[in-house]
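A quick write-up on the structure given underneath.
Values quoted throughout were computed directly from the atomic coordinates according to the rules given, and no laboratory measurement underlies them. Every value quoted in this text rests on a predicted model; they were computed, and no experiment measured them. Methodologically, a virtual Cβ is constructed for each residue, glycine included, from the backbone with ideal geometry; neighbour enumeration extends over all protein chains shown.
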Amino acid sequence: MGCGFSSSSSGVFGDPTSPEFRTNLKSTETVIGAFTRLDEHILTLENLSPGSRLTTAEAWVEHLEKLQLTVDDTITDRQQLDVISELDETILEDEKDLLTEVDQERNDIMKLAIKLQVANDVKKALEHEEFLGRISRGVMELHSEKLRLDMIEHGRKRIETLIESFNQLRELYLEQDNLIASISGGTYNSSLEQELDMELETAREIRDRLSGVAEQWRTSSNLLRAAAKAALQAFEFWSLVEASDTASERVQLALDTRDACQSSLTALSCAQQALPQVEIPFVTLRQSSAVKHALIYILTDMANEKRYSHTKTVMESFHTSATKAVEWIHATYKKTLDGDLTAQIDNIKVLTFRLRKERIKHYKNIVGNKVYIRPQIKP
């Protein structure tokens, strides 16, 4: 922080006869040592840019919250399944209800698919294809909402972590500014100190802007990795259907495939939304549409050997594309933003060291080896 912070000078060095001073005699940290410690700690923490990353993380959660389906949007689809399962379900009132509702409806559609004998009978699968397809669309909408709620929860946890770092950094800034003001009265000791301080603030602003963008890349990258992992799980589940004999196990695996693959599709969509200024390649809109179509009819396609094989090819291709997207985002970030951000952080380290050295040179003449007593600082 700069030297313009105004603060009382009392309490930093202390009166040797005061109780506070005697209490701190066990600590041999000098004022210069305290300044150096604070400066080093600040440098380490601020290079994580919790402030700018926090702003980006909060904006991302706000965006996800706007994407949530309203209750009215899902009532029609839920009522379709209510008629079939003859269960008396209530309209969702909170997020916990939604998670329970999704699990319940998955169980209902599983029972329905087994009852209709679509897992092994090609004729019956064809007969009930559109019927189960309509039901699947409704359940998939609920699952999508659940996935968004999971993302929001992860986003909130990220915000909590950044807030903790931000508050810690703020406290360090306040303590260091109080110490500097107590030594020099809030004025610069040389033109070089002023020049370096201003140059450092400019470099910090650039780093923070880059870090805000880097947080977007971080979010998108994490979502892409999750998408690729879920796509692989979906392909593995679907591959097991072929070797399964019982209807219940086949339906269970088909639903596992659908849930994993939908998780992947949702993560991919959000990964692109997290990084709107960049077009993520490999997974095209056409491919995503083909995968979604396969998921809608997945319960009736497994009985047909040709359709089963086609869906398997779609899943495998989808996983390959998602994996390539993960490799692409890592390579692209490393070639572009990562280099700029690293260079700026290195520049800040040099400027911080030079400014610290310049300040200590003057501070030694003012405070010598006086012991540092940490004052009570009000935010």
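Rank by packing, highest mean first: peptides 107-114, 369-376, with packing defined as the count of other Cβ atoms within 10 Å averaged across residues.
Output ranking for 107-114, 369-376: 107-114, 369-376.
Highest mean first, how do 213-223, 285-295 rank when packing is the count of other Cβ atoms within 10 Å averaged over residues?
Ranking, from highest mean packing down: 213-223, 285-295.
So how do Thr55, Thr284 line up by other beta-carbon neighbours within 10 Å, fewest first?
In order of increasing Cβ crowding within 10 Å: Thr284, Thr55.
Can you sort Tyr188, Tyr173 from fewest to most other Cβ atoms within 10 Å of each residue's own Cβ?
Tyr173, Tyr188
How many angstrom lie between the Cα centre of the range 192-217 and the Cα centre of the range 293-325?
After rounding, the separation between the Cα centres reads 48 Å.
Let's test the formula: R0 of 51 Å, r as the Cβ-Cβ distance of Ile366 and Thr336. What FRET efficiency results, to the nearest 0.05?
0.65
Translational diffusion coefficient, Stokes-Einstein: compute it for the range 317-359 using the Kirkwood radius over C-alpha pairs as Rh, at 4 °C and 1.567 mPa s, and state it as an integer in µm² s⁻¹.
102
For the range 123-263, what relative contact order do you get, as a whole percent, if you take Cα pairs closer than 8 Å and at least 6 residues apart?
24
Could you tell me what a quarter of the Cα convex hull surface of the range 130-270 works out to, in nm² with one decimal place?
The orientation-averaged projected area of the Cα hull of the range 130-270 comes to 12.3 nm².
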